[in-house]
1. Per residue, how big is the convex hull of the range C:9-74 when only Cα atoms are used? Give it in Å³.
2. For chain B, what log10 I(q)/I(0) values come out of the Debye formula at q = 0.13 1/Å, with one point per alpha carbon and no solvent?
3. Rounded to the nearest angstrom and ordered from largest down, what semi-axes does the equivalent ellipsoid of chain A get from its C-alpha gyration tensor (root of 5λ)?
4. So what is the diffusion coefficient of the range B:1-123 in µm² per second by Stokes-Einstein at 4 °C and 1.567 mPa s, using a Kirkwood Rh over Cα pairs?
5. Can you give the alpha-carbon Rg of the range A:1-125 over 2.2 N^0.38 Å, where N counts its residues?
6. Compute the FRET efficiency between A:Asp21 and B:Val214 as 1/(1 + (r/R0)^6), taking r as their Cβ-Cβ distance and R0 = 45 Å, and round to the nearest 0.05.
7. For the protein assembly as shown, how big is the tail of P(r) above 44 Å, as a whole percent of Cα pairs?
8. Please check which bits of the range A:38-73 a label hung off B:Leu179 would reach, taking the label as a point 7 Å along Cα-to-C-beta and the cut-off as backbone N under 12 Å.
Amino acid sequence: MDYVATHNLTKRFSQNRAVDDANITLEKGKVYGLLGPNGSGKSTFMKMVAGLFHPSKGKIEVMGDPLSYRSKEYVSFMTTEQYFYDYMTVGMVGRFHRDFYADFDPNTYEELIGEMQLSMDMKVKSLSSGMTAKLKIAATMARDAKVFMLDEPLNGIDLVARDAILSAIIRKADPDNCILISSHLIDAMENILDDVIFIKEGQIVICGNAENIREERGKSIVDLYKEVFA
Amino acid sequence: MGKLMKYELFRRSKLLISILIVLVFMEGAAVYGLYRGGEWLILFFIMLMGMAFAAFLVPLLDAVVNYYSDFKNTHGYMLFLTPQSGYSLIGSKAVFALIELLSALALVAVFYTANFHLAGAFGYTDELALLRTVFQQIPQMLGTSTAGIVSLGVTSGILQFFNTIMLAIFAVTLTKTLLSQKSFNWLIALLMYFALAMGIETVNGLVLTGFGFVTDMISFSQDASAVTLELGDEIKLDIIKYILVSMGLYVIWIGAAFTGSGMLLNKRVDL
Amino acid sequence: MQFNTREPIYLQVIDDIKKKIVTGKIRPGDKLPSTRTLSEEYGINANTAARIYKEMETMGLCYTKRGLGTYVNESKDMVSEIKRTMADKYISQFMDEMLGLGYSIDELIEFIEKRRG
């Protein structure tokens, strides 16, 4: 069973097709890179799979079932925006996740918070943007979800913390889950991706295995990206 | 849904404490007005009315504003990413508002009762006696008891409140799911609320007429004995029946708004 | 480790492991890190890590004991074989670059002799 499958997935905003006829499958045990410039439809695609946007056309299946509110049990999604309630503390964010997500592990959360150099009694309101980015990662990755979707996980993260984040992602990947990462920081991401999906103006243009691309074309993913989006 | 309500509470903790403080101050002012007497009684009555008004208005505004903010601001993602059905999300907000209302009403009831006793202590015995008579006679005139009329009134008020909240929530949901406006959504939602409310009142009116409300009112006002109505006479107008019909209608509208909102949230959300 | 992202990463990691075997950092019979540890160590994808060991097994460098792990092959010849193959590769690279610059083989030998002193 594919963990995520989209069929002719389209999202229209007024006249603009943010996502156009996307047919994508995400298999378990793999790390996927959804690559493209800003505005190419990466976030919109992920938000549809997460249930935050409804499709204009097409279908989505998660864990073999048509997308519904129940699919959210299996999907851990990190958006680009800050999405915690201002009134909460870091600790309360953890309790919230524990209350609503059966696969949330408070111990992992505590570990990650420590690694990110945050503390449980910090108020969400008073976090800098870098700290908020780290909190998002901690909350998302402390779940034992089947599908992880990370929208620009390295945004707002300083160079030193980047390695910690990439390491957290590598550690999270296992044969029973799949991870979809969107990023325009391709050089930082290259090494950890199994497959790459290039999306240009809402349309999927290339889908392939990263190592195969290197072997067959003698190109890095960065090279390929520059070719496709030049 | 209980978990959702827990976080609705946390979200408003500062607001609720402020409202509590305001109500206590209002009661203080009311007692002062009662104590001073004479022209100061105006303060007393204004505070009493204000309290009751606040008890109904604050939960309503609070529920709608917070709900709207969940759509408008990105913190709404936190809520909408949870594996909760649209019905659960809506239900938690409506039920929480109801609990807020009942708590506020309970507090106001405590204050009213205290004021009643204080009035006795401050020497308003004549006025209290008159009040007591009126409260005993009017229910009898309508064919029921004091307890009956009070519970009917309270239930009716609560249903009306619930109806208004669900309608407002539905208006916001409609605006945020079916219309792809970028700005002034709140204005559209407000207009939509009024349109829906008017539509509902029209339908209510038609239904009540169907039950004979208009004809009864006409014959009642034409009835000679109504002109010389005195305390203690029986009113030949079955008001109770119409209150019950209205309440039934409110239940239907509440159900429709709830179902509509839940369905839209499940299928057509765009954050 | 910095990778050349124009070439398959798994081959580069294999080369790195080979170097460790040649220099004695890893010895025949040693247990190699789990694919999970490998992926964390090198900052690569877990599937790539799995592929690395698979390839190495095909190359005859290691074997996997189900449930226990992956171990370096115990053949003594293997180490010298790896050393020789890598040397061949580096020499070829060196010669290609130098001859490409226009140097003759004799000049190459001169360069190396100079380094000896």
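Every number in this text was worked out from the coordinates using simple rules, so none of it is lab data. In this text, all values refer to a predicted model and were calculated from it rather than measured experimentally. Heads up, the Cβs are rebuilt from the backbone with ideal geometry, glycines too, and the neighbour counts pull from every protein chain shown.
1. It comes to 77 Å³ per residue, whole-number rounded.
2. -1.03
3. 28, 21, 17
4. D = 80 µm²/s.
5. 1.22
6. 0.15
7. Taking all Cα-Cα pairs of the protein assembly as shown, the fraction more than 44 Å apart is 43 percent.
8. Residues passing the 12 Å test: none.
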